[in-house]
Each structure stands twice: as C-alpha cells, then as structure tokens.
Amino acid sequence: MSARDPHRFVNELDEVAINNLIARLESRAQDDVFACLLDNYVVRLVLPPTARVLEVGCGTGAMLRSLARREDFTGKAFGVDQCSHFIDAANKFARAENVSDQLVFQVGDAHKLDFPAASFDVVIAHTLISHVTEPAAVLKEMARVVRLGGTVVIFDGDYASLTYGFPDHGFGHQMDMALANATFNNPRIMRDLPRLLPEFGLTLTAAWGDAVVEIGKGSYFKSFAETYVPYVKRAGLLPAQAVDVWLDEQREAMKNGTFFAACNYYTFLARRT
C-alpha cells in the first residue's frame with residue numbers, strides 16, 4: 001500500500017481519524033512556539049480597516065480565530081476547506097470564542113476557489129501547500145483571487161528536515177522520511193516557491209525560515225508523532241513492530257527528559273503585480 005497524505009484524502013477517513021486530525025490541528029495552534037510563527041507574519045501584513053482575508057485550507061479555523069482576536073483586525077476573514085467536518089468544527093470553535101461575526105467558513109476546493117477575481121486583500125495558505133494535489137494550481141488560484149497589490153502568504157514546513165532523536169541513527173532516518181512521506185503529499189514544496197511564484201504574477205517581498213525544536217520535553221512533536229505514526233504503519237512503509245519500538249522510545253525520552261525533535265518552517269510573502 002502506498003502512502004496517502006491524510007489531509008489530502010481527509011474526506012475518505014472515518015470519523016475517529018477525522019477527530020484525531022481536528023485534535024491535532026487545535027493542539028498545534030495552542031503550542032506557543034507554533035503560535036509565534038503565525039504572529040511573525042501577521043504583524044507584517046498591512047491591512048486596511050475593511051480588509052478581506054482568505055485562508056485556503058483553513059482546517060479548524062485556528063489561524064483565522066487568532067487573527068480575529070487581534071485588536072487591530074477590523075475586517076472580514078473567510079476560510080475554505082475541503083472537509084465539511086473541519087468546517088463544522090471551525091464554526092463551533094469560532095462561536096465558542098465569540099469571534100464568529102468576523103469569520104465565514106465554507107467547504108471548497110483550493111484548486112478551484114469559488115470567489116471572483118481580486119476579491120481579497122490577503123490570501124493565506126497556512127500549512128496547506130504541502131498537502132495539496134497540485135501546488136501550481138493552488139498558487140494560480142490564490143493569485144487570481146487576491147487584488148493587484150495584495151499579499152499572498154505561504155507558510156509551511158520543509159518536511160525533509162523533519163527529524164527525531166533515536167539511538168539507531170539509520171532506522172531513525174528511515175522513520176523521519178517515512179513520517180514525511182506518509183503525512184505530506186509535497187514534503188519539499190517550499191524549496192520550489194522562489195521559482196514558482198513569479199509564474200503567477202507574484203513578486204516575493206519577504207521570506208524567512210524558523211527552526212521548530214523541542215529538546216528534553218515534547219508537545220508539538222509529541223502530538224505529531226502520535227497522530228501520524230499510524231499512517232506510516234498503514235502504508236507499510238516500515239515494519240509495524242519496529243515503528244512501535246520507535247514510538248515507545250519517543251515517549252520514554254519525553255518522560256526522562258532526553259527527547260529531541262526538529263523541523264524547519266518557512267514563510268513567503270508575495271505581492272500580486
């Protein structure tokens with residue numbers, strides 16, 4: 001069986017698997033380190049008082065809820081995701097946090113957005129481009145629906161850099177690659193963006209990288225491993241027993257303070273010209 005990115009094929013998953021992904025998206029958003037990565041680019045956005053913002057592949061809406069909570073955001077934000085269960089969760093969480101008046105969530109396909117051209121001041125793909133079927137098609141749509149002079153933001157990981165500490169370095173490397181390939185349809189797509197963006201009339205205005213690292217204890221990478229290791233086993237990428245040993249080792253390392261995991265993340269800001 002080949003690896004199938006669970007986010008790409010989310011509509012084929014059962015309810016338990018979808019709920020696990022919802023829990024992962026929410027726990028990730030609440031991680032202080034990951035929240036800082038969002039703030040790093042939001043503070044650079046110059047938004048008019050009536051700004052219209054679109055997040056493509058919004059998941060449970062955590063990023064847009066964070067935006068709506070900002071005192072300096074007075075506009076309207078829209079979130080689109082292919083999974084109706086994610087959209088239901090996004091609406092529920094928005095109501096619970098009293099930010100639903102500024103947010104609109106709807107089911108939609110990132111490859112063919114149901115919005116007129118030049119509809120938004122800012123269009124964001126926050127950990128989306130690594131999952132989609134055709135990254136170029138999604139970039140084309142993002143460029144189409146942002147206004148001239150508007151901003152496209154793409155934030156995602158370079159998952160070929162994903163790594164966990166493990167005593168057997170050889171198997172540890174195999175497990176790192178298996179996790180990346182089981183979880184992400186496009187684990188190296190961020191390396192392609194400097195070449196791809198100009199093809200769609202997008203001029204790079206800023207870009208930077210951040211290393212997300214946990215040493216001793218794990219929270220962000222704990223949730224990542226526990227959510228996505230089952231997909232490594234399901235795809236048969238490595239022997240199931242060896243994968244279980246690896247996961248047990250990660251849990252033990254977190255308990256005794258010897259844990260290590262890291263991944264590089266990149267942010268690209270581009271102007272529609």
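The values are calculated or read from the model by the stated rules, or taken from the named source; none is laboratory data. All values derive from a computational prediction rather than experimental measurement. For neighbour counting, all protein chains shown are included, and Cβ atoms are generated from backbone atoms with ideal geometry for every residue, glycine included.
Here are a few things to note about the model shown:
- Considering the range 197-212, the residues that are of a type in the set (A, V, I, L, M, F, W, C) and farther than 20 Å from HIS7 by Cβ include one that is surrounded by the most Cβ atoms within 10 Å (Cβ to Cβ), namely LEU202.
- Filter result for the condition that a residue is among the polar types (S, T, N, Q) and within 17 Å of the chain's Cα centre (by Cα), over THR273, THR227, THR205: THR227
- THR50 being surrounded by fewer than 18 Cβ atoms within 10 Å (Cβ to Cβ) and farther than 21 Å from GLU15 by Cβ: yes
- Among residues of the range 1-14, those that are touching a helix residue (DSSP H, G or I) at 6+ places or on another chain (Cβ under 8 Å), farther than 20 Å from GLU134 by Cα and either surrounded by fewer than 17 Cβ atoms within 10 Å (Cβ to Cβ) or of a type in the set (Gly, Ala, Ser) (or both), counted: 1
- Among (1) outside any strand (DSSP E or B); (2) within 19 Å of LEU37 (Cα to Cα); (3) in contact with an Asp or Glu (Cβ under 7 Å, 6 or more places away or on another chain), the one test that LEU162 misses: (1)
- Cross-chain or 6+ apart pairs with Cβ under 8 Å, the range 139-155 first and of a type in the set (S, T, N, Q) and crowded, with 24+ Cβ neighbours inside 10 Å, then assigned to a strand (DSSP E or B) and modelled with pLDDT of 95 or more: THR151/ASP121; THR151/VAL122; THR151/VAL123; THR151/THR205; THR151/LEU269; THR151/ALA270; THR151/ARG271; THR151/ARG272
- Members of the range 52-69 that are touching a Phe, Trp or Tyr at 6+ places or on another chain (Cβ under 7 Å) and part of a loop (DSSP other than H, G, I, E, B): CYS58, GLY59, THR60, GLY61
- Residue among ASP72, ASP88, ASP5 that is more than 29 Å from ARG147 (Cβ to Cβ) and assigned to a loop (DSSP other than H, G, I, E, B): ASP5
- Of all residues in the range 175-195, those that are surrounded by fewer than 19 Cβ atoms within 10 Å (Cβ to Cβ), under 15 Å from LEU269 (Cα atoms) and of a type outside the set (Asp, Glu) total 3.
- Some residue of the range 229-247 being basic (Lys, Arg), modelled with pLDDT of 95 or more, within 24 Å of ASN19 (Cβ to Cβ) and buried (at least 17 other Cβ atoms within 10 Å of the Cβ): yes
- Index of the failed condition, ALA17 passing every other in (1) in contact (Cβ under 8 Å) with a residue 60 or more places away in the chain; (2) out of contact with any helix residue (DSSP H, G or I) (no Cβ under 7 Å at 6 or more places or on another chain); (3) small (Gly, Ala, Ser): (1)
- There is no residue in the range 32-53 that is in contact (Cβ under 8 Å) with a residue 40 or more places away in the chain, out of contact with any Pro (no Cβ under 8 Å at 6 or more places or on another chain), on the phi > 0 side of the Ramachandran plot and not hydroxyl-bearing (Ser, Thr, Tyr).
- TYR41 meets the conditions (1) aromatic (Phe, Trp, Tyr); (2) within 28 Å of VAL232 (Cα to Cα); (3) surrounded by 18 or more Cβ atoms within 10 Å (Cβ to Cβ) in every case but one. The failed one is (2).
- Of all residues in the range 74-129, exactly one satisfies the criterion of being of a type in the set (Gly, Ala, Ser), over 26 Å from LEU193 (Cα atoms), in contact (Cβ under 8 Å) with a residue 40 or more places away in the chain and surrounded by 21 or more Cβ atoms within 10 Å (Cβ to Cβ), namely ALA89.
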